[in-house]
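The values are calculated or read from the model by the stated rules, or taken from the named source; none is laboratory data. Remember, predicted model here, so these are calculated numbers, not experimental data. For neighbour counting, all protein chains shown are included, and Cβ atoms are generated from backbone atoms with ideal geometry for every residue, glycine included. Accessible surface areas use protein heavy atoms only, side chains included; no ligands, DNA or RNA. Shrake-Rupley method; radii C 1.70, N 1.55, O 1.52, S 1.80 Å.
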Amino acid sequence: MSDGEGRIGLVATVGVLLFGLLTVLVVISTRQDATAPADTGELVADAGATLAPTAPPAALGRIWQTPAVPTGAATDGGGPSTDTADPAPPIRLWAHDATLATVAPSGVSGYGSLDGTRLWTADAPPDAGPVCAAGDEVNASGIGAVLRTAEGGGCAYLSVIDTDTGTTLWSTDLTDPDPGARPADPADVTVTAGDQTVTVNLDAAGTPAAFHRFDAATGTVLPPPAPPADEPLCPGDAETQALHHAGSRIVELTRCTGTGDLLLNAYAADTGELEWTHPADDPGFTLSGVAAGDPVLLRQGPQLVAYAETGDELWRMAGPDRSLVTGTVLSVQDGPPAAGLVPLAGYDLATGRRLWTEDAEAGTRFFGEDDRGALLTGRVTGNALWLESRDPATGAATPGPIAELPAHRVDDRLAVAYDEYQLYVLATVETDEGPALRLRAYER
C-alpha cells in the first residue's frame, strides 16, 4: 500500500472520458460466422499469422487487493439474498475520479483507487433482488445505472447510483404489467447512463413498450424521441416499429401509415434531437440492434451496416459478434476460432475496406482503447493476464505487461478497468466460505 500513498494527486487527475472508454467486462463467448463486406477492396496489411512465442514481459507490481467479499451476501438494502450455487461472475467495474465501483449480483460497492479502502455499498430497494445487468460505464458525473431482478422475476428493476458517494439517486420497477409478457432476460437488456438521460431497452427486439428513458438526475420519465410532424419522407402519421440504443444514439424504425414505407431515424440520446432520417427500403428489412452509437453501426438482421452523420449508408458486412471501434477503425473477431487461433481483422469505418487480418493467440479478447489510442487486447495464460497493444490501422501488436491473477479464482470471467497509473482486475475467487469477489490494483 505504501507505494500508492504518494499518488493521491495523480489519481485525482484521471480523465473521466478515459475511464468510460476503458472499462469493459471480459466475457468468454463463442462466435457466429463473419465475412468481409462485398466491396472490401485490396487487403493492405497482414499482421502475420500466429504471434511468435516470446519471453513473458515483466509482471506488473501489485499495489493492493481488497478482502474477499462473498458473492452470496444479502444486499445492505434488505433485498432478497443472492445465495446461489453458481459462483456469479462480476458484471462491471466502473472507474470515476478516485473511485472504483464493483458491480456484481450481490450489489454495488465503491473502493478508493489509492489503497482499495471500501468507501460505500449502495442501498438496494427492499423489493428488488440481485443485480442482473449494468451500463458499460458511468457518465461524466459518475452516475451509473444497474438493473436488478424484480419481484416478477425479470431483469427490470432500475437503480441509478452516484458512484462518488454511493447514493442511490432513484429506482423504479419497469416490469411489464401485462401478465402474459415475457420477463426481461439479462442477456437481452441494454442500459446506458448518459450525461442527461438514462436509457433502457428490456428486450432484444426493440419493442417500443420495452423502451424507457429518464432524466438521469431525477428519474423523471421522458417520452421516446419522435420525428417532426412535417417529415417530408413520411407525410401523415408514423408508427414506431422498434427502438434501440447504444452509447450516444437512439435509433428508431418507423412505418409511414400513408405509404407503408419504413424509415430509420437516429436521435441524440441525451437531447432526443433528430439527427438524420434514412429510407429502410431493403426487402425484408430488420433492425435488430445498435452495435455502436458513434458512429452509427446497426445490426440489420445478419449484417452490420455503417451510416454517415448524414444518414447515408456507407457499407455493410456480415455481422461479427465481437467488435470494437477504435478511432477510425472497426476491429472485429472475423470468424470462429480455428486451430487454436482467434481470427481478428480491422476495417476502415469510412469505407468498410479491410485493413488487416491476424490469427491471434488462443483466448485473445478485446479490452478497449488504451491511452495512446491503440486497440488493447489480452488473454489469460495460466495465472496471468497478458496485455497487448495493437495499432488499429495495421494490427501490429506490441506485447505489453502481464498481471498476476489470483491463483484460487473460480474462472476467467473478469472485469477490468485501468487509468493512467494503475490496472484494476475484479475476479471471483474460492474461499473457505464459498465464492467471493476480490479486487486488485497493479502499478502500470
- So, by mean Cβ neighbours within 10 angstrom, what's the order for 374-386, 153-165 with the highest one leading? 153-165, 374-386
- Message: Given a 1.4 angstrom probe, I'd like the percentage of the accessible area of region 302-354 that is carbon and sulfur, rounded to a whole number.
- Response: 57 percent
- Message: So if I take the centroid of the Cα atoms in region 84-145 and the same for region 258-286, what is the distance between those two points in Å?
- Response: 35 Å
- Item | Carbon/sulfur fraction of accessible area - region 88-139, other protein chains in place, 1.4 Å, % | 49 percent
- Percentage, to the nearest whole number, of Cα pairs in region 295-435 over 18 Å apart: 60 percent
- Message: Give the residue list of GluC sites (Glu not before Pro) in region 355-444 that are DSSP loop and have at most 15 other beta-carbon atoms within 10 angstrom.
- Response: Glu420, Glu433
- Potential extension, Glu430-Asp411 segment - 0.36 nm per residue separation minus Cα distance: 5.9 nm
- Message: Pairwise over distinct Cα atoms, reciprocal of the mean inverse distance: report the Kirkwood radius of region 372-442 in Å, one decimal place.
- Response: 13.3 Å
- Item | Packing-based order for 228-235, 276-283, 201-208, using average beta carbon neighbours within 10 Å, highest first | 201-208, 276-283, 228-235
- Note on the structure: Computed Rg/Rh for region 197-327 (Cα atoms; Rh = Kirkwood radius) stands at 0.95
